[in-house]
1. Inspect the range 144-158 for any residue being in a helix (DSSP H, G or I), in contact (Cβ under 8 Å) with a residue 24 or more places away in the chain and in contact with a strand residue (DSSP E or B) (Cβ under 6 Å, 6 or more places away or on another chain) and give the result as yes or no.
2. Can you list the helices (runs of 4 or more DSSP H) found entirely within the range 1-111 that contain at least 2 residues being among the aromatic types (Phe, Trp, Tyr) and more than 15 Å from Gln163 (Cβ to Cβ)?
3. Suppose the filter is open to solvent by less than 30 Å² (accessible area, probe 1.4 Å) and either modelled with pLDDT of 95 or more or within 21 Å of Met1 (Cα to Cα) (or both); does Leu126 pass it?
4. Of the residues in the range 21-43, how many are open to solvent by 50 Å² or more (accessible area, probe 1.4 Å), under 15 Å from the mean Cα position of the chain (by Cα) and acidic (Asp, Glu)?
5. Filter the range 47-63 for residues that are hydrophobic (A, V, I, L, M, F, W, C) and over 17 Å from Asn101 (Cβ atoms) and give the result.
6. Is it true that some residue in the range 44-62 is surrounded by 12 or more Cβ atoms within 10 Å (Cβ to Cβ), under 29 Å from Lys136 (Cα atoms) and at pLDDT 95 or above?
7. I'm trying to understand the selection: among the residues of the range 1-16, which are open to solvent by less than 70 Å² (accessible area, probe 1.4 Å) and out of contact with any strand residue (DSSP E or B) (no Cβ under 8 Å at 6 or more places or on another chain)?
8. Which number in (1) within 19 Å of Arg3 (Cα to Cα); (2) surrounded by 12 or more Cβ atoms within 10 Å (Cβ to Cβ) marks the one condition that Glu133 misses?
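The values are calculated or read from the model by the stated rules, or taken from the named source; none is laboratory data. Since the model is a prediction, treat every value here as computed from it, not as a measurement. FYI the Cβ positions are ideal-geometry reconstructions off the backbone, even for glycines, and counts take in every protein chain you see. Accessible surface areas use protein heavy atoms only, side chains included; no ligands, DNA or RNA. Shrake-Rupley method; radii C 1.70, N 1.55, O 1.52, S 1.80 Å.
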Amino acid sequence: MKRTDVPENEYSLAYAAYVKAAGDEDLYEDLEISLHNFIRFVQDIPMDKFDYRYADGKWTIKEIIQHIIDTERVFSYRALRISRNDKTPLPGFDENAFALNTNANDRHLQSLLTEFSIVRQGTLALFKSFSEEQLKRIGIASNNELSVRAIGFIIIGHLKHHQKVFQEKYLQTMENN
């Protein structure tokens, strides 16, 4: 299944950029490939840059990695609930409250990347377990309709979005200083 197989009415406009950022790969392949690409990308960042903030109030690279992990867990949970035909509307989550309540900056980079890899492998196994019917199921999350298959592409696009932010806001800014 590819991103182009997901109609725009299966996700809100708020997620459109993430779905588009997922690219045109197969869902399962891109879940796997994006994991490895991200880990390689992060491992090439100089170690002294992981606590860098490009502006006051912005997250560090470590905090963003933790945010990616937390967000993937939340979205995988949503996919599970919707796939199981649970019609209970699912609430949003406050990403800033999550970020304020982690110890990401006190963790070693390898610990964060290991956790991310484990979470992504769980996400991949979960999505591979869904039937075609389950992937097409639609539920309510954050007061919007959302399909299970759209969630898979949102997860991929969210990761790619933050990788682009690292490149544009963190690494280029650091090179100019």
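1. no
2. Per the criteria, 61-83.
3. Here the answer is no, as Leu126 does not meet what is asked.
4. Count: 1.
5. Met47, Phe50, Ala55, Ile61
6. For the range 44-62, residues surrounded by 12 or more Cβ atoms within 10 Å (Cβ to Cβ), under 29 Å from Lys136 (Cα atoms) and at pLDDT 95 or above: absent.
7. Arg3, Pro7, Ala16
8. The single condition Glu133 does not satisfy is (2).
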